[in-house]
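One structure is given below, encoded as structure tokens.
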Amino acid sequence: MELGPLRQFLVVARLEHLSRAAEELRIAQPSLSRTIARLESELGTPLFDRSGRLRLNDAGKVFRGHVERALGELEAGRRAVAEATGEGMGTVRLASETFLTLTGPLAAYKRAHPSVEVELHWSPAEDMARRLRAQDVDLCVASQPIHIEGLESVRLFEEVVGVGAPLGHPLAGRTSVRVDELVGQPFVAARKGHWQRRLLDRLFAALDRTPKIVCEVDEVGAIAELIGAGLGIGLVPAFARRNATHVPGVWIAVDSPDCRRTVTLHWGAGGHLSTAARLMRATITGWDWTTGRPRDERG
């Protein structure tokens with residue numbers, strides 16, 4: 001099997017949509033359809049269900065896992081050879097749901113290793129295991145659990161998540177609030193897939209309710225500003241509260257043990273991490289998230 005059709009198959013398997021996959025791959029849809037058909041013919045079985053919307057079937061899911069691992073090993077081999085032949089430490093690829101939390105260790109890493117190229121990839125948590133298995137990225141930082149075999153992880157920190165409200169809001173004078181008191185309140189929220197949105201939906205689902213979302217944003221860093229502008233309330237982690245003092249508004253504790261996030265660093269078990277990736281892992285795991293500096297830094 002040639003590598004090109006396998007890479008194209010992974011895009012179709014991820015999107016489960018031929019026209020969007022063709023657009024992402026920048027090829028004609030009929031050509032992509034023929035490629036998938038030839039691959040299925042070679043394997044002797046369909047990889048997708050085509051009744052209605054295109055869906056990856058059980059055989060396709062099995063094949064996808066093997067293709068991801070195979071292409072990932074080839075990429076790891078290429079990078080290992082480049083490192084072994086003295087082409088420098090190369091590149092480290094880090095995926096996360098948000099990079100606001102990581103600006104401190106990222107800046108420290110670049111100061112210590114200016115020749116390393118750092119690639120940052122936004123990724124929802126549900127895509128991280130796939131990207132690590134395929135060695136599409138080296139490291140992932142997630143603010144929600146990833147329960148998948150074949151990953152190693154280190155918990156970085158855990159923190160409470162509260163509600164941000166604009167000044168003058170009826171809740172602004174409260175020190176804490178129950179989740180049921182938030183029903184019907186207008187929320188500024190992240191898009192689906194982001195940890196803040198998942199947490200919001202989970203808190204309301206426990207009450208068999210749905211949050212009233214009046215503003216859904218792709219740029220998570222804008223949530224605090226939109227709250228401060230009076231558009232609504234929203235979930236704000238304690239870390240952002242400490243680092244967004246310029247935003248007018250108040251932070252209110254939520255009276256629920258489930259209103260918190262655990263931030264974890266993940267990487268593929270048994271895979272080869274480049275020197276650049278190992279140094280990035282050491283920088284992130286050695287960071288003091290309370291003081292905002294490396295744990296071994298004096299002063």
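The values are calculated or read from the model by the stated rules, or taken from the named source; none is laboratory data. Since the structure is predicted, the reported quantities are computational estimates derived from the model, not experimental observations. Here Cβ is always computed from backbone atoms with ideal geometry, including for glycine, and neighbour counts include all displayed protein chains.
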The range 1-62: helices (runs of 4 or more DSSP H) wholly inside it with 2 or more residues that are free of Cβ contacts under 8 Å to residues at least 24 places away in the same chain and closer than 24 Å to L132 by Cα are 3-15, 18-25
Only residues that are touching an Asp or Glu at 6+ places or on another chain (Cβ under 7 Å) and either within 17 Å of A240 (Cα to Cα) or acidic (D, E) (or both): list them for the range 176-229, please.
-> A189, H194, W195
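Condition check ((1) polar (S, T, N, Q); (2) closer than 21 Å to E75 by Cα; (3) without any contact (Cβ under 8 Å) to a residue 40 or more places away in the chain) across all residues:
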position: W122; (1), (2), (3): no, yes, yes
position: A125; (1), (2), (3): no, no, no
position: R133; (1), (2), (3): no, yes, no
position: A142; (1), (2), (3): no, no, no
position: V154; (1), (2), (3): no, no, no
position: E158; (1), (2), (3): no, no, no
position: V161; (1), (2), (3): no, no, no
position: L167; (1), (2), (3): no, no, no
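Please state which one of L132, L106, L74 is closer than 29 Å to F9 by Cβ, modelled with pLDDT of 85 or more and of a type outside the set (F, W, Y).
Numbers: L106 fails: closer than 29 Å to F9 by Cβ; L74 fails: modelled with pLDDT of 85 or more.
Of the residues listed, the single one that is closer than 29 Å to F9 by Cβ, modelled with pLDDT of 85 or more and of a type outside the set (F, W, Y) is L132.
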Does any residue of the range 190-202 turn out to be over 21 Å from D127 (Cα atoms) and of a type in the set (A, V, I, L, M)?
-> no
Give the range 142-161 a look and list any residue that's under 21 Å from D258 (Cβ atoms), assigned to a strand (DSSP E or B) and in contact with a helix residue (DSSP H, G or I) (Cβ under 9 Å, 6 or more places away or on another chain), or say none.
-> A142, L156, F157, E159, V160, V161
Which listed residue is at pLDDT 90 or above and assigned by TED's automatic domain parsing to the domain that holds D136, from A95, A28 | A95
Which listed residue, of I284, I213, is in the same structural domain as V141 (by TED's automatic domain parsing), over 20 Å from T175 (Cα atoms), under 19 Å from the mean Cα position of the chain (by Cα) and β-branched (V, I, T) = I284
Number of the exception - G164 against (1) under 22 Å from I223 (Cβ atoms); (2) touching a helix residue (DSSP H, G or I) at 6+ places or on another chain (Cβ under 7 Å); (3) in a loop (DSSP other than H, G, I, E, B) = (3)
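Does any residue of the range 84-91 turn out to be of a type in the set (A, V, I, L, M, F, W, C), at pLDDT 85 or above and in contact with a helix residue (DSSP H, G or I) (Cβ under 8 Å, 6 or more places away or on another chain)? So that I can check it myself, show each step before the final result.
Taking the range 84-91 and keeping what is of a type in the set (A, V, I, L, M, F, W, C), we get 84, 89.
After this cut, where a residue has to be at pLDDT 85 or above as well, the list is none.
Scanning the range 84-91, I find no residue that is of a type in the set (A, V, I, L, M, F, W, C), at pLDDT 85 or above and in contact with a helix residue (DSSP H, G or I) (Cβ under 8 Å, 6 or more places away or on another chain), so the answer is no.
Being assigned by TED's automatic domain parsing to the domain that holds P105, modelled with pLDDT of 95 or more and among the aromatic types (F, W, Y): is that true of F187 here? Steps first, answer last, please.
Numbers: assigned by TED's automatic domain parsing to the domain that holds P105: yes; modelled with pLDDT of 95 or more: yes; among the aromatic types (F, W, Y): yes.
It is true that F187 is assigned by TED's automatic domain parsing to the domain that holds P105, modelled with pLDDT of 95 or more and among the aromatic types (F, W, Y).
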